[in-house]
Each structure stands twice: as structure tokens, then as C-alpha cells.
Amino acid sequence: MAISKDVYKEFEDVVGEENISDDPAIKDAYRSPNITVVLPGDTEEVAAVVKLCNKHKIPFKAQSTGWSFMPPTYDFIFLDLRRMNCIIEINEKNMYAVVEPYVISAELQGELFKRGMICNVKGSGSTCTALAMSGHGHMGLTTSTGDRNDLATEWVTDEGEIIRLGTLGASDEWFCGDGPGPSLRGILRGGGVITKQATKVYHWPGPSVYPLEGSSPRYTLSQKPSDLNMMVRYFSFPSIEKLVEAELKIGESEIAFELMGFCPSMVSSNITTSNEEDFATLDKFTKEVQGPGFMVIIAGNFPEDFAYKKKVLAQIIKETGGKSLKTVEDPAVESTLLFQCTRVCASIRETFRAGGAFSSMMVQGQRYDNHVRWLEEAAVLKRELIKKGLVIADDGQQFGWGEEQGHLGHTEIFCRFNPYDEKSSKAVQEWLGKVGKRALDGCFAVPAMGVLPIDEIGKHVSNYHIWFGKLKKAFDPNEVGENTGYSYVGADISGVHTSIYKKEPEKASSKK
Amino acid sequence: MAIEDYRGDVEMCCRCGACKHIPLQKVKGIEHSYACPSIAKYNFHAYSGSGRLLIAKEMLTKGFKYTDKLLDIVYNCQMCGACDISCKYAMDMEVLLPINEFRIKCVEEGHTHPALEKVINSLRKQGTMVPGARGKRAAWAEGLGLKDATKEKVAVYYHVGCLTSYDKNYQKLAKATAKILKKAGVDFGIGYENESCCGGRAFQMGYKEDFLNQAKKNMAMLKKAGVKTLVTGCAAGYQAFKVLYDKYNLKGKLEVVHITEYLARLIKEGKLKLNKKVNMTVTYHDPCYLGRLGEPWIHWEGKRIPGYKFVFDPPKEYRRGTNGVYEPPREVIKSIPGLKLAEMDRIKEYAWCCGAGGGVNQSNPEFAMWTAKERIEEAESTGAEAIATACPWCEKNFNEAIKKSGSALKVYDIVELVEKAI
Ligand SMILES: Cc1cc2nc3c(=O)[nH]c(=O)nc-3n(C[C@H](O)[C@H](O)[C@H](O)COP(=O)(O)OP(=O)(O)OC[C@H]3O[C@@H](n4cnc5c(N)ncnc54)[C@H](O)[C@@H]3O)c2cc1C
Ligand code: SF4
Ligand code: SF4
């Protein structure tokens with residue numbers, strides 16, 4: 001990046017010589033030729049770096065663990081928050097945990113398990129930040145979703161001001177995001193840097209440590225899931241209506257810990273340890289299922305509770321014509337799904353392993369009726385790509401899950417493909433555009449941003465983007481903060497999670 | 001194979017970051033969640049397994065640009081392979097092999113590290129990885145009456161290794177091994193001055209040619225002596241003879257056994273009786289080169305099947321750390337009366353490195369010490385009085401870290417514990 005030696009020195013003075021670099025090798029590892037990387041150690045250093053960016057009008061961008069970080073094409077100061085990796089507090093009584101950005105979910109979850117508690121973990125996996133931010137995950141049925149879990153937050157604005165939001169604004173307490181004290185939760189959607197955040201935690205009926213045995217990549221539980229008062233099953237249904245009915249009943253009866261609307265390919269990816277094994281297993285599963293399905297995890301607090309929940313589940317499945325996938329009833333397979341889908345430790349088996357990239361379109365808010373119907377259409381379009389041999393053949397299936405016992409939901413469909421095959425990449429991009437547009441035009445849902453232009457989405461939702469633009473301007477007068485479309489923090493706005501960046505980023509002197 | 005041959009693998013890296021940590025389902029909290037010493041110490045993503053692959057990917061496309069920082073990244077890696085295991089829990093791709101090839105390329109193109117050059121010069125001149133080694137390789141064996149395996153046929157050849165042969169503080173391991181093998185009635189011999197460095201550490205440092213020279217020299221000697229079974233107490237040596245020699249088709253039918261495997265066998269067969277009590281609680285440190293990297297080499301040649309899937313013809317079987325040597329050392333420990341084993345958080349295929357691997361103890365002693373101290377603290381947290389290991393390089397690094405940190409923890413090689421029990 002073309003910042004002068006003097007300016008570089010100013011940043012260096014903030015973070016120390018060993019925590020700044022613009023060496024080409026360092027940049028290569030961040031997949032961006034445009035950056036100077038700084039590793040701030042605390043909130044004050046973050047604020048000082050951001051202030052310097054304002055002073056010199058150099059754009060900046062922060063990352064937590066960097067999994068969905070998409071490097072911009074303009075020159076920027078890049079704040080890698082790796083050194084900010086402390087769990088500040090776990091408050092058992094008020095059920096929250098306060099973390100810095102580079103605490104990963106696996107770490108927080110490990111600590112919480114010991115206390116009989118659990119946090120929401122983003123579906124991307126427990127390598128990602130434990131900050132609440134926006135994030136939907138496997139356990140949403142009981143642990144809700146990222147942007148409904150964030151409580152008090154420490155935030156460095158785009159101008160470098162440190163703001164303490166929620167109860168933190170009026171006290172040292174972290175228990176509420178909305179006050180007493182300022183609440184800016186509604187606008188914490190891109191921009192600034194979250195340096196500490198409290199996230200809600202929930203009751204965990206499972207063990208404090210999973211009794212794992214065996215070696216990688218085939219860990220298994222030394223006890224049967226039923227010995228832990230836990231059970232995993234996969235059910236397929238004769239129709240989407242029956243699946244929806246079953247999901248609603250499960251939510252209503254509050255008997256499940258997790259309900260993951262996996263397609264068979266996600267089950268087979270999870271339980272297999274190589275691509276070859278995965279494709280063979282998927283073939284078998286595709287023949288076994290009768291229609292769309294979901295995976296459900298029951299977790300009893302004690303044997304009688306477990307027995308009750310199982311009984312209710314059996315009744316619901318009977319009423320809705322569900323069919324259990326026999327392979328999952330094998331305790332070894334069940335074990336794998338149990339710890340993997342509660343610890344969220346194998347999502348790259350589901351997404352990247354097969355072809356090297358996946359590209360996703362998701363809709364959020366509710367799950368039933370509209371969203372599921374949109375999915376059916378998106379799947380038809382996906383099957384066309386499969387027929388042409390452009391994406392991994394998984395029968396066009398999709399997935400999603402209910403959140404807060406089904407009052408909310410997340411619905412998603414993705415294509416896995418080889419990102420180095422131009423034809424595939426192009427076809428997938430077009431498919432994304434089509435299904436995104438269909439979601440809007442058919443009034444099914446508002447698709448996640450990144451695929452469609454913000455203006456196009458905005459006009460369907462009260463022109464919120466215009467208001468957001470004004471807010472952004474007020475917070476970021478020097479236009480140095482994130483401006484890639486007021487995306488929600490937590491997932492970068494590009495809908496494409498690929499492992500490559502083929503195009504040389506344009507050499508732009510300014511991000512405008 | 002060269003770095004170019006791993007283009008497909010480096011392109012597969014999705015930047016998930018799992019290679020920084022132990023397998024995620026094993027993470028019990030904020031402590032001991034990291035697997036990679038390099039990222040844990042140096043923080044820039046470049047120092048992680050993934051960062052190294054991403055650099056390789058860029059440079060394979062745009063050409064190799066050697067900056068001081070790049071070399072700092074390259075040489076501050078213990079080649080411990082923890083990243084490789086964590087990645088392969090979920091992915092079908094190589095991680096450590098391209099990292100290793102990257103380093104080999106640096107060496108081949110003359111971008112070496114001065115401290116490692118010194119070590120390699122010693123290897124070239126004296127056949128040992130212990131620079132400035134004085135005296136005879138087998139001075140420790142004087143008066144023990146051990147057979148010379150190059151002069152008479154023996155059932156077992158004991159390869160002593162450079163550090164154990166030359167470092168006065170670790171010759172005790174050779175003596176203990178000889179004593180135990182004698183006690184168990186094993187017909188064994190040593191190579192005396194014909195023993196030469198296995199070359200394994202040279203390979204880790206990137207000096208492939210020097211490694212191959214050593215390997216060829218050793219195999220010629222062993223063949224001439226008619227050796228069928230080689231036993232060694234050095235984890236680096238074990239991995240060299242068993243895995244690397246096989247990789248380069250030099251091993252032939254030689255049976256390579258680590259001393260802990262051999263002792264476990266002798267104990268099972270009733271040939272070695274451990275009857276003296278050793279009242280102590282120890283924790284066990286899996287040396288990387290005995291544990292995950294001690295997994296046998298898998299010969300495979302094939303091509304990626306064109307198309308959208310990352311699959312090969314014939315199907316590629318990956319070394320994922322499943323078949324490393326984990327149980328035999330534990331079996332030996334458990335056979336010693338009075339000795340209790342308390343496990344650390346990071347064990348077996350996801351053990352934390354002692355810090356000495358990849359030549360880091362020579363190229364950056366401070367980093368090697370930092371890594372060892374982390375392990376010492378982890379060992380202490382188990383409540384054990386001592387950390388047991390099965391490699392002289394680990395023992396040496398731990399001893400130095402303990403000296404520096406003032407820890408009260410004791411360090412033993414398993415052969416020392418067995419010696420106490422006979
Ligand atoms: C394979 C895969 C699967 C995924 N599945 C899901 C899923 O099921 N559900 C889901 O919700 N998401 C999913 N995602 C996206 C997911 O939300 C993110 O991967 C995750 O939240 C990223 O966390 P991170 O720590 O890696 O963020 P980063 O990659 O570090 O950052 C992501 C974005 O947030 C910004 N950011 C990060 N930290 C801060 C901070 N402290 N302050 C301000 N801005 C910040 C960054 O600038 C960037 O724009 C998936 C992604 C991948 C790659
Ligand atoms: S090397 Fe493997 S584990 Fe590491 S980021 Fe890449 S894909 Fe993930
Ligand atoms: S080999 Fe070890 S030190 Fe090197 S990158 Fe991998 S885990 Fe880190």
C-alpha cells in the first residue's frame with residue numbers, strides 16, 4: 001500500500017513495530033495487495049488507529065477471525081483483531097458472556113459447557129468469532145440468532161470515538177444492549193469496530209465435556225448419545241407441507257434442542273471423512289429419503305425429560321408421515337452428528353471440501369410457507385446447473401433451520417463448485433442473481449445482501465438504505481469506514497465464499 | 001514432488017482458520033485451544049498453516065519474491081504438522097507437505113538461515129547435527145561391551161542418534177537403552193563410528209539433498225550389515241527412517257521401530273519385567289515426529305479427475321494423523337508400577353510441539369523456548385510432577401525452558417523411567 005514512511009511510522013507508534021507490516025508476504029496471506037496490516041492489542045489502540053485513518057483519510061477495515069473477510073479493492077489499513085482474544089467475563093447469574101473479537105466460538109462454548117451453558121454458534125463454524133454480531137447457526141432453535149443475542153457493546157466509531165452501548169453506557173454492567181444508556185443496536189450494521197461485546201448464553205442440557213475417543217478424523221463418543229440423554233435423528237417427509245407441519249409442531253412443543261433443516265448431502269458430508277466416501281454416502285441417502293427433511297437433536301435434562309421429549313417427537317413424526325434415515329440411528333453416526341452439530345466443527349466438510357468453493361443465497365426472518373416455497377423454485381434452477389455438470393450434484397437440495405422455537409428462521413440454498421472453472425463460477429453467479437431477484441419480485445423474502453445491488457433491495461424495504469446512508473455519513477464524515485453497502489457485520493457482503501480471488505483488484509486510489 | 005505439484009492443495013485453502021487450533025470438538029475453553037505455535041506467537045495470518053499456503057498460492061502465480069519477512073515466516077515454523085491434522089479433519093488437501101516444499105525451495109534457491117547453515121555444515125563435515133561435536137560418536141558406549149552391528153550379525157540395530165551420541169547430558173539415554181535391552185536379553189548392536197545422522201532434521205530444515213545423501217549412506221551401511229530391524233529412541237530419527245526413507249523409496253524392507261514400541265512389545269511378551277515402583281505422576285508429551293508425523297507414508301500417484309469435484313484417480317488416501325505412534329509410549333508408562341499418567345489437554349495427533357522442530361531451536365531459540373514454556377505450563381496444569389517424552393530433542397528443549405522459567409517440573413525420557421523400574 002502506498003502510505004508514506006512517515007504515516008507508517010505513526011501507525012507503528014500506536015501498535016509497536018512487531019504489530020504492523022506491509023510486507024508483500026504478509027499481504028499475500030491476507031489475500032490483498034492493498035493493505036497495511038496492524039494488530040491492535042486493545043480498544044485504545046483500535047481507536048488510535050482509526051483516528052489516524054481519519055487524520056490521513058485512509059480507509060480502514062477490521063476483521064475478527066477473518067473467515068468471511070473479503071478484501072476491498074481499494075488501499076486500506078487493515079485491523080486484524082487477533083491479539084484481542086480475551087473472555088472478559090462469564091456471568092452465570094445473568095446469563096451472558098463478554099468477549100473480545102478473537103475469542104472463537106469453540107473457546108467460549110468450551111468454557112460455557114463447564115458451567116452448564118451454551119452460546120449461539122454461527123453456522124460457519126466455531127472457528128469464527130464469538131461476538132454476537134449477526135450470525136445464524138445450527139442451534140438457533142434454542143440459542144436464537146446473532147443479532148438477537150448481542151447485549152452491551154463497546155464500539156469504536158468510524159471517527160475513532162469509543163462508545164459504550166446499552167447498560168455499559170450507564171454502568172459497568174453488560175446485561176442489556178438497549179439501556180439504561182445509549183442503544184445503537186439498530187444501526188450496528190457495518191462500520192466502526194466492535195471491540196467487546198456481551199452475548200446472551202443459554203441453558204445446556206448436555207455434558208460439560210463430550211466423552212470423545214478415537215483419532216482424527218474419526219472421533220466418536222465413548223458413550224451412546226442416549227446415555228447422555230441425547231438423541232439425533234434425520235427425518236424425511238412426503239411433502240414440504242408435512243415438513244413444515246412437523247417443524248412447527250416441534251417448535252410449539254419445545255422438545256428439541258436443535259432442528260437443522262439439513263438436506264441429505266449435508267448429513268453425508270458431516271459423517272464422512274473424504275470426498276469419495278461423501279459422494280457414495282449421498283447416493284445411498286438420496287435413495288433412502290422420501291422427500292425434504294431435517295435433522296433434529298433432543299437433549300433431556302434428566303431421563304424422564306428425555307423420555308417425554310422422545311415420545312412427543314415420535315408422535316409428531318407419526319402425525320406428519322416422517323421417515324427416519326436408518327444410518328443416523330446407528331449410535332456411531334449419531335454420535336458424530338451430535339458433537340459436530342452442537343460444536344459446529346465440520347462446516348467446511350459441508351461447504352468447501354467437495355469442490356473448493358460454495359456460493360449461497362439465504363433468506364432470513366421466518367422459515368415457513370414463503371421461504372420454503374422460494375427454496376423450491378431456487379432448487380429447480382439449481383438442478384439445471386447440476387444437469388449441465390457445472391456444480392456438485394446434490395439433487396438441488398437446500399437447508400435451513402427454525403430459530404426461537406420456529407418463530408424465526410433461516411433458509412438457504414447453495415451450490416458447491418470448482419472456483420477455478422470459469423464456466424461454473426459464471427453460472428453460479430448468474431444463478432445467485434436469478435434466485436435473489438426471484439425472492440424479491442415474488443415477494444418471498446429479502447435476500448441477504450451482496451448479490452443484488454443495495455438500491456434494488458432497499459426499495460423493497462422502505463428505502464431503508466437511503467436512511468442508512470444518511471446515518472453512515474453522520475458517523476463517518478471522512479468516509480474512511482466500511483461502506484460496502486451497510487451490510488450487517490458478521491458476514492461479508494459478497495454472497496460468494498470462494499477460496500480464490502482471481503481478479504487482480506483494481507488499482508484504485510480511492511474507494512469511491 | 002515440488003511446491004508446484006501442490007498447487008491444487010494450496011488453492012483449496014478456504015481460510016477457515018481451523019489449522020490454527022486443535023480440532024474444534026477438542027477445545028475445552030480458552031486455554032490450550034491453539035495447535036500452531038507459530039500463529040500463537042507471531043499473530044499475522046502469514047504465520048499460520050493457512051497463511052503459508054496462501055503465500056505459496058500467490059507466489060506460484062506471480063513468482064517467488066524473497067523478502068526478509070518471508071524468510072522470517074518460513075523459518076519460524078516447527079514443521080510440527082499440527083495444522084495439517086486440524087485441516088484434514090474436514091478437508092481433503094495437503095498442508096504440511098507444501099509448507100515443507102516451500103522451505104526446500106527457499107534452500108535450493110539459496111535463501112537459507114545462517115544458524116541452520118551452520119548446523120548443515122556440521123552435518124556435511126562431521127555427519128552430525130550437533131555443531132562442534134567433539135570426540136567419538138560412540139564414546140558413551142565405552143566399556144559396555146556392545147556388539148558392533150557392522151561387524152557381526154545382530155537381531156536388532158540400535159540407532160542412537162546425533163544428540164544422544166554427542167551431547168553429554170543426553171548420553172544417559174543411550175546408556176539406559178542399552179541397559180534395558182541387555183536386561184531383556186535382546187541381541188542388539190550399534191554402529192559405533194559407522195553410525196551417521198539420519199538426515200531427518202536436515203529435511204525439516206529444508207535441506208532435502210543433504211537428507212538424501214544421509215539416507216543413501218545410512219541405507220547402504222544398514223544393507224551391508226544385514227540389518228532387518230532398526231530401533232531408535234529419537235523421534236526425528238524414527239520418522240526419517242520409517243516415513244521419509246519410505247517416501248523416497250529408500251527404506252526397502254527395513255523394519256523401523258521406536259524404542260517405546262519395542263519396549264511395549266518386550267513387556268507384552270514378558271521379556272522385560274518392570275517390578276520396581278516409581279511413585280510419581282507424569283504427563284506424557286507426544287513428540288510430533290513420533291506421534292502424528294510418525295504415521296506411515298502412503299504411496300500414491302494419480303491425477304485429479306477433471307471437473308468440479310476435488311477427487312482423484314485412483315482415490316487419494318491422506319495421512320490424517322490417525323496412525324501415529326500414540327499408544328505404545330502410554331502402554332509402557334502404564335506398565336511401570338507406581339507411575340500414574342495424567343494427560344494434558346493437547347495430546348496425540350493434536351499435541352502441542354516442544355518447540356525444537358524444524359530447526360527452530362537453532363534458528364530462533366527464543367521462539368523454541370516460548371513454545372516449550374507453553375507446554376511446560378500445560379504439563380503443570382495436570383498436577384504431574386514430571387513430563388515424560390520419547391525424544392532427546394524434546395527433552396533438551398524442555399530442560400532448557402524449565403531452567404529459564406524456574407519451574408519445578410522434572411523431565412524424563414520414557415527409557416529413563418523404565419530404567420528406574422528394572
Ligand atoms: C463456509 C461458511 C459458512 C457460513 N455459514 C454461515 C451460517 O450458517 N450462518 C451465518 O450467520 N453466517 C455464515 N457464514 C458467514 C458468517 O457470518 C461469518 O463467517 C462469521 O460471522 C465470520 O466471523 P469472522 O470472525 O470470521 O468474521 P470476519 O471474517 O473477521 O469478518 C466478517 C465481516 O465483519 C466485519 N467485522 C469483523 N469483525 C468486526 C468487528 N469486531 N467490528 C466491526 N466489523 C467487524 C469485517 O470487516 C467483515 O466485513 C458462513 C461463512 C462461511 C465462509
Ligand atoms: S489450511 Fe485448511 S484448516 Fe487452514 S484455513 Fe486452509 S482450509 Fe482451513
Ligand atoms: S507446521 Fe506447526 S508451526 Fe508450522 S504452520 Fe503448521 S502448525 Fe504452525
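Each value in this text was obtained by applying a stated rule to the coordinates, not by laboratory testing. None of these values were measured; they are calculated from a predicted model. Because the Cβ atoms are built from the backbone with ideal geometry, glycine has one as well, and the counts that use them run over all protein chains shown.
Which GluC sites (Glu not before Pro) in the range B:1-109 pass both tests, a DSSP loop state and at most 13 other beta-carbon atoms within 10 Å? Don't skip to the end; give the middle numbers.
Numbers: sites: B:4, B:11, B:31, B:58, B:94, B:101, B:108, B:109; in loops: B:31, B:94, B:109.
Those satisfying the criteria are B:109.
Which aspartates and glutamates does residue B:208 reach when only Cα atoms under 15 Å apart count, and residues fewer than 8 places away in its own chain are ignored?
Cα-Cα hits under 15 Å: B:101, B:108, B:109, B:117, B:246.
For the protein assembly as shown, would you read off the P(r) tail past 40 Å as a percentage of all alpha carbon pairs? Intermediate results must be reported in sequence, preceding the final value.
Numbers: 182433 of 435711 pairs.
When all Cα pairs of the protein assembly as shown are counted, 42 percent exceed 40 Å.
What is the Rg over Rh value, at two decimals, for the range A:221-354, using alpha-carbon atoms and the Kirkwood definition of Rh? Working shown, then result.
Values: Rg = 14.3 Å, Rh = 15.0 Å.
Here Rg/Rh amounts to 0.96.
How much length is gained if the chain between residue B:273 and residue B:248 is pulled fully straight, taking 0.36 nm per residue apart and subtracting their Cα-Cα distance, in nm to one decimal? Write out the running numbers ahead of the final one.
Details: separation 25, 0.36 × 25 = 9.00 nm, distance 3.83 nm.
Stretched fully, the residue B:273-residue B:248 segment lengthens by 5.2 nm.
In cubic angstrom, how much convex hull volume per residue do the alpha carbon atoms of the range B:270-422 span? Walk me through the numbers before you get to the answer.
Values: hull volume 22.5 nm³, N = 153.
Dividing the Cα hull volume of the range B:270-422 by its residues yields 147 Å³.
Quote the FRET efficiency, to the nearest 0.05, computed for residue B:169 versus residue B:327 with a Förster distance R0 of 22 Å and r equal to the Cβ-Cβ distance. Present the calculation step by step, with values, prior to reporting the outcome.
Details: r = 29 Å, r/R0 = 1.31.
About 0.15, to the nearest 0.05.
Please give me the summed charge of the neighbours of residue B:208: other residues whose Cβ is under 10 Å from its Cβ, Lys and Arg +1, Asp and Glu -1.
On the way: positive: B:103, B:105; negative: B:101, B:108, B:209, B:210.
Summing Lys and Arg as +1 and Asp and Glu as -1 gives -2.
Report Rg (one decimal) and Dmax (nearest whole number) for the range B:120-277, counting Cα atoms only, units Å.
In Å, with Rg to one decimal and Dmax whole: 15.1, 47.
Under 8 Å for C-alpha pairs, at least 6 residues apart: give me the relative contact order for the range B:335-407, rounded to a whole percent.
On the way: 61 pairs, mean separation 24.5, N = 73.
About 34 percent, as a whole number.
Fewest to most neighbouring Cβ within 10 Å: what's the order for B:180, A:413?
On the way: B:180 22, A:413 26.
The most exposed by this proxy come first: B:180, A:413.
Could you list A:53, B:87 in order of exposure, starting from the residue whose Cβ has the fewest other Cβ atoms within 10 Å?
Values: A:53 24, B:87 29.
Starting with the residue having the fewest Cβ neighbours, the order is A:53, B:87.
Run down the lysines and flag those whose C-alpha is under 22 Å from the C-alpha of residue A:93, throwing out any fewer than 8 positions away in its chain.
Residue A:93 reaches A:114, A:196, A:200, B:28.
Given 5 Å bins starting at zero, what is the percent of C-alpha pairs of the range A:346-435 in each, up to the one with the largest pair distance?
3, 15, 25, 23, 17, 11, 5, 1, 0
What is the antiparallel percent of DSSP beta bridges lying wholly in the protein assembly as shown, to the nearest 5?
On the way: 58 of 89 bridges.
Around 65 percent of the beta bridges assigned by DSSP in the protein assembly as shown are antiparallel ones.
So, R0 is 51 Å and r is the distance between the beta-carbons of residue A:302 and residue B:31; what FRET efficiency does that work out to, to 0.05?
Working: r = 30 Å, r/R0 = 0.60.
It comes out at approximately 0.95.
Indicate the gyration tensor shape class of the range B:213-271 (rounded, prolate or oblate), computed on the Cα atoms with a ≥ b ≥ c the square roots of the eigenvalues: a/c under 1.5 is rounded; otherwise a/b larger than b/c is prolate and the rest oblate. Numbers along the way, then the final one.
Details: a/c = 2.55, a/b = 1.79, b/c = 1.42.
Note, shape of the range B:213-271 comes out prolate.
Mean Kyte-Doolittle of at least -0.5 and a Cα length of 18 Å or more along the axis: which whole DSSP H helices of chain A meet both? Provide the component values of the computation, followed by the final result.
On the way: long enough: A:43-56 (20 Å, 0.02); A:240-253 (20 Å, -0.03); A:275-288 (20 Å, -1.36); A:303-320 (26 Å, -0.54); A:370-387 (26 Å, -0.39); A:422-441 (28 Å, -0.89).
Qualifying helices, which must be both long enough and hydrophobic enough, are A:43-56, A:240-253, A:370-387.
Which residues in the range A:384-422 have a backbone N closer than 20 Å to a point placed 7 Å from the Cα of residue A:239 along the Cα-to-Cβ line?
Within reach of a label on residue A:239: A:398.
Taking N as the number of residues in the range A:87-203, what is its Cα Rg relative to 2.2 N^0.38 Å?
0.98
Which lysines does residue A:310 reach when only Cα atoms under 18 Å apart count, and residues fewer than 8 places away in its own chain are ignored?
In chain and number order, the partners are A:224, A:249, A:318, A:323, A:326.
Expressed as a fraction of 2.2 N^0.38 Å, the rule-of-thumb size for a compact globular protein of N residues, what is the C-alpha radius of gyration of the range B:154-222? Before the final figure, lay out the partial values.
Numbers: Rg = 13.5 Å, N = 69, 2.2 N^0.38 = 11.0 Å.
Cα-based Rg divided by the globular estimate yields 1.23.
Bin width 20 Å, origin at 0, all Cα-Cα pairs of chain B: what percent of pairs per bin?
27, 59, 13, 0
Over chain A, what is the mean sequence separation of C-alpha contacts under 8 Å (at least six apart), divided by residue count, expressed as relative contact order in percent? Write down the numbers at each step before the final one.
Values: 1069 pairs, mean separation 81.8, N = 512.
This gives 16 percent for chain A.
Name the GluC sites (Glu not before Pro) in the range A:363-410 that are in a loop by DSSP and that have at most 16 other C-beta atoms within 10 Å, would you? Let's see the in-between values first.
Working: sites: A:376, A:377, A:384, A:403, A:404; in loops: A:404.
Those satisfying the criteria are A:404.
With just the Cα atoms of the range B:116-181, tell me how far they stretch along each of the three principal axes, in Å, largest first.
Result for the range B:116-181: principal-axis Cα extents of 37, 25, 16 Å.
Specify whether the C-alpha gyration tensor of the range B:187-310 places it in the rounded, prolate or oblate class, a ≥ b ≥ c being the square roots of the eigenvalues: rounded for a/c under 1.5, otherwise prolate if a/b is larger than b/c and oblate if not.
Values: a/c = 2.04, a/b = 1.39, b/c = 1.47.
It comes out oblate by the Cα gyration axes.
Might you report the magnitude of the Cβ-based charge dipole of the range B:64-184 about its Cα centre, with Lys and Arg at +1 and Asp and Glu at -1, to the nearest 20 debye? Could you put the intermediate results ahead of the total?
Working: 20 positive and 13 negative charges, 202 e Å.
Dipole of the range B:64-184, to the nearest 20 debye: 960 debye.
Going toward the positive end of the dipole of the range A:87-203, with +1 on Lys and Arg Cβ and -1 on Asp and Glu Cβ, which of A:105, A:152, A:191 do you reach last?
About the Cα centre, the residue reaching furthest to the positive side is A:105.
Once you keep just the Cα pairs under 8 angstrom separated by 6 or more residues, what percentage relative contact order results for the range A:150-261? Working shown, then result.
Details: 139 pairs, mean separation 20.4, N = 112.
The normalised contact order for the range A:150-261 reaches 18 percent.
Return the subset of B:26/B:348; B:172/B:403; B:253/B:334; B:147/B:334 for which the Cα-Cα distance in this structure is over 21 Å, preserving the input order. Mind showing how you got there, number by number?
Details: B:26/B:348 12 Å; B:172/B:403 19 Å; B:253/B:334 31 Å; B:147/B:334 31 Å.
Beyond 21 Å between Cα atoms: B:253/B:334; B:147/B:334.
Just subtract the alpha-carbon distance of residue A:437 and residue A:178 from 0.36 nm times their residue separation and send over the number in nm, one decimal. List each step's numbers first, then the result.
Numbers: separation 259, 0.36 × 259 = 93.24 nm, distance 3.45 nm.
Gain on extension, residue A:437 to residue A:178, equals 89.8 nm.
Stretched out fully, how many nm does the piece from residue A:5 to residue A:466 gain, at 0.36 nm a residue minus the Cα gap?
Numbers: separation 461, 0.36 × 461 = 165.96 nm, distance 3.86 nm.
Taking residue A:5 through residue A:466 to full extension adds about 162.1 nm, to one decimal.
Using Cα springs under 10 Å in a Gaussian network model of chain B, which residue among B:271, B:65, B:57 shows the largest mean-square fluctuation?
Result for chain B, Cα springs under 10 Å: B:65 fluctuates most.
Let me understand the range B:40-178 better: what is its radius of gyration from the alpha carbons, and its Dmax, in angstrom?
Answer for the range B:40-178, Rg first and Dmax second: 20.2, 60 Å.
Run through all the Cα pairs of the range A:1-84 and give the fraction in each 5 Å bin from 0, expressed as whole percent.
3, 16, 30, 29, 17, 4, 0
Using the beta-carbon distance between residue A:115 and residue B:182 and R0 = 45 Å, what value does 1/(1 + (r/R0)^6) give for FRET efficiency, to the nearest 0.05? Mind showing how you got there, number by number?
Details: r = 54 Å, r/R0 = 1.20.
Efficiency, from the Cβ-Cβ distance: 0.25.
In whole Å, what are the Cα extents of the range B:10-50 along the three principal axes, biggest one first?
That works out to 31, 22, 10 Å along the principal axes.
When you take every Cα atom in the range A:419-478, what is the radius of gyration, and what is Dmax, the widest Cα pair distance, in Å?
Computed over the Cα atoms of the range A:419-478, radius of gyration and Dmax are 14.9, 43 Å.
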